[in-house]
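Since every read-out is calculated from the coordinates, none of them should be taken as a lab result. Keep in mind that this is a model prediction, so the values were computed, not measured. Cβ: placed from backbone, ideal geometry, glycine included. Neighbour counts: every protein chain shown.
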Amino acid sequence: MLEVEGVSARYGEATALDGASLTVGEGEVVTLVGRNGAGKTTLLRCLMGLHRPAAGRIVLAGRDITGLAAHRRARLGLGYVPDDRGIYAGLSVEENLTLPPVAAGSAWPLARVYEAFPVLAARRRFPGGRLSGGEQQMLALARVLRAGARVLLCDEPTEGLAPVAVRQIGEILRGAKEHGVSVLLVEQNLRFATTVADRHYLLAQGRVVEALDNRDVKQREDELLAHLGL
Ligand code: ATP
């Protein structure tokens, strides 16, 4: 569904990504782990079209999207949930849900969003900024799913959330997968990663250095945590 081939990115003279390659299959949940500064956020931003790669190729559902603008990628079914969640604090939950541009033919009606996210239905008139951290993350995920995303790019959705909210986010991601949505997830919580993901990639100094399955992550948890500096 998503193929990333040799993507490099720079900030001025500094190299943030150095030929990163990975794939995400249809309905697959894949995590990207790596210590601070490894390039995880930069890679998601390159995939969404928010940072121009210096080299490499990005293919979505067989189509080369490397040069496309972000809004055109969104219309093709790519959804990005940034680490700050990207919701409008001053707008209501419902306004946040109805604002994003919608991929042709694949948008969810609001009723479906509220069925999948009952918490948001109860809070539909609340300003986004008055939601709890977990509710804000749910709103951010609901926005991109409603907009018809077939591939979700999520930057540390569980960071700073209480365990009950982490479990809810896990259920949402598993539900998305059941509907055939593919997910590329930046995640530092390895335990959580193994409960939601099919596979994992380890990013170090802008390069994918290892591909891991859940058994690898569980068996090597201590070594990986030390590598990640956690
Ligand atoms: P973190 O978990 O800390 O966000 P990350 O793995 O997501 O780390 P990036 O944020 O992608 O890493 O950063 C990769 C490298 O690029 C780091 O060395 C970082 O300092 C640098 N970098 C990131 N954003 C910028 C920027 N706007 N200007 C200059 N350098 C940047």
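Using alpha carbon centroids, what distance separates the stretch 206-228 and the stretch 167-201, in Å?
Taking the Cα centre of each part, the stretch 206-228 and the stretch 167-201 sit 16 Å apart.
Say each of Glu26 and Gln219 gets a label point 7 Å from the Cα, pointing the same way as Cα to Cβ; how far apart are those two points in nm?
Going from the Glu26 label point to the Gln219 one covers 3.2 nm.
Taking the chain as a Gaussian network, Cα atoms linked when under 10 Å apart, which of Val164, Val113, Val183 shows the biggest mean-square fluctuation?
Looking only at Val164, Val113, Val183, the biggest GNM fluctuation is shown by Val164.
Taking other Cβ within 10 Å of each residue's Cβ, how do Cys46, Cys154 sort, fewest first?
Listed from fewest to most nearby Cβ atoms, that is Cys46, Cys154.
Mind giving me the FRET efficiency for Ala89 and Ala14? R0 is 41 Å, r the Cβ-Cβ distance, nearest 0.05 is fine.
Step by step, r from the Cβ atoms, then E = 0.85.
Of Leu60, Ala226, Leu139, which is farthest on the positive side of the dipole of the chain, counting Cα position, with +1 on Lys and Arg Cβ, -1 on Asp and Glu Cβ, and the Cα centre as origin?
Ranked along the dipole, the leading option is Leu139.
Mind sorting Val119, Val24 by how few other Cβ atoms lie within 10 Å of their own Cβ, fewest first?
Arranged by neighbour count, lowest to highest, Val119, Val24 become Val119, Val24.
Between Arg57 and Glu5, what is the label-to-label distance in nm when each label sits 7 Å out along the Cα-to-Cβ direction?
Label at Arg57, label at Glu5, 0.2 nm between them.
Using the alpha carbons of the chain, what is the convex hull volume per residue in cubic angstrom, as a whole number?
115 Å³
Please work out how much length the chain gains when fully extended from Ser132 to Leu110, using 0.36 nm per residue of separation minus the C-alpha to C-alpha distance, in nm with one decimal.
5.8 nm
Could you tally the net charge around Leu76, taking each other residue with its Cβ under 12 Å from the Cβ of Leu76, Lys/Arg +1 and Asp/Glu -1?
Around Leu76, the surrounding residues sum to +4.
Gaussian network model of the chain, Cα springs within a sub-10 Å range: biggest mean-square fluctuation belongs to which of Leu47, Leu91, Leu185?
Comparing Leu47, Leu91, Leu185 in a Gaussian network model of the chain, the most mobile one is Leu91.
Testing the spin-label approximation: label points 7 Å from Cα along Cα→Cβ at Glu210 and Leu99. State their distance in nm.
Modelled inter-label distance: 4.1 nm.
Using alpha-carbon positions, what is the distance between the centroids of the stretch 55-91 and the stretch 1-48, in Å?
Spelled out, the Cα-based centre of one part sits 13 Å from the other.
Sorting Glu13, Glu223 on the 10 Å Cβ count, fewest up front, what's the list?
Listing Glu13, Glu223 from fewest to most nearby Cβ atoms yields Glu13, Glu223.
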